[in-house]
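Enquirer: Sharing a structure, written as structure tokens. Questions coming.
Any read-out appearing in this document is the output of simple, stated calculations on the displayed coordinates, not a laboratory observation. This one's a predicted model, so the numbers in the text were calculated from it and none came from an experiment. FYI the Cβ positions are ideal-geometry reconstructions off the backbone, even for glycines, and counts take in every protein chain you see.
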Amino acid sequence: MELKLHKSGKKTAGKMKVADSVFAADFNEALIHQVVTAYLAGARSGTKAQKNRSDVRGGGRKPWRQKGLGRARAGTIRSPLWRGGGVTFAARPRDYSQKVNKKMYRGAMCSILSELARQERLVLIDEFTIDKPRTKAFMEKLHTMNLDEVLIITDEMTDNLCLAARNVPCVDVIDTREINPYYLIGFEKVLMTKGALVKVEKWLA
């Protein structure tokens with residue numbers, strides 16, 4: 001299939017041939033939901049933790065002898081029954097990650113990209129660069145393409161582009177190594193350079 005390719009500057013638009021397996025795949029909503037859920041679950045830190053009686057500092061010595069004092073027997077001052085002791089059923093750091101096969105992940109990515117292309121939310125451009133790290137120049141370039149809420153995917157991140165876009169709301173710039181399903185479905189439109197498209201095709205095809 002072919003997608004419309006926008007030219008930077010005053011050049012006229014053309015067309016670019018893309019792989020049908022990547023940009024003309026069937027829409028699989030269940031697979032996309034599973035992969036996005038797994039991606040978000042993998043981002044959870046799971047750092048909740050408490051100390052049990054072995055983790056609490058101290059308590060290595062028996063506080064008093066076993067018999068003869070009329071007191072209840074005790075083996076450590078860090079018992080969960082004592083003030084300052086450990087927690088009986090202490091919480092441990094959890095791993096929320098879910099297993100997703102490579103074939104499933106790539107299938108979900110192809111399904112998302114194909115649906116973006118069908119809805120005309122995927123915009124291709126030969127290159128997207130700016131000469132100076134100025135937000136004003138960056139916004140002017142987006143307005144000429146009628147783009148407001150957009151994810152920009154480049155084949156190579158430049159300092160000028162990163163500095164110019166970092167304070168713009170509803171706009172993000174990433175390279176091909178940072179592409180993920182959550183980002184692709186989280187923006188109204190996706191602007192992808194020609195070099196980035198070639199890398200994505202090589203990865204998913």
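Enquirer: Please tell me the relative contact order of the chain in percent, rounded to the nearest whole number, where contacts are Cα pairs under 8 Å and at least six residues apart.
Expert: Once normalised by length, the contact order is 24 percent.
Enquirer: Could I ask something else about it? For the stretch 150-205, what's the relative contact order in percent, using C-alpha pairs closer than 8 Å and at least 6 residues apart?
Expert: Over the stretch 150-205, the number comes to 49 percent.
Enquirer: Calculate, in nm to one decimal, what Lys102 and Ala49 gain on full extension: separation in residues at 0.36 nm each, minus their alpha carbon distance.
Expert: Length gained, Lys102 through Ala49: 15.9 nm.
Enquirer: Using helices alone, what [θ] at 222 nm do you get for the chain, with -39,500 (n - 2.57) per DSSP H run of 4 or more residues, divided over all residues and rounded to the nearest 500?
Expert: After summing the helix terms and dividing by the residues of the chain, the value is -9500 deg cm²/dmol.
Enquirer: Within the stretch 22-54, which trypsin sites (Lys or Arg not before Pro) sit in a loop by DSSP and count at most 16 neighbouring Cβ atoms inside 10 Å?
Expert: Listed in order of number, the matching sites are Arg44, Lys48, Lys51.
Enquirer: Follow-up question, since we're still on this one. Counting Lys and Arg as +1 and Asp and Glu as -1, what is the net charge of the other residues whose Cβ lies under 14 Å from the Cβ of Arg121?
Expert: Neighbourhood net charge equals -2.
Enquirer: Here's another thing I want to ask about it. How big is D, in µm² s⁻¹, for the chain by Stokes-Einstein at 20 °C and 1.002 mPa s if Rh is the Kirkwood radius over C-alpha pairs?
Expert: Answer from the Stokes-Einstein relation: 102 µm²/s.
Enquirer: Please express the Cα-Cα pair-distance distribution P(r) of the stretch 51-154 as a list of whole percents, one per 10 Å bin, running from 0 to the bin with the greatest distance.
Expert: In whole percents, the pair-distance histogram is 11, 20, 13, 10, 9, 14, 12, 7, 3.
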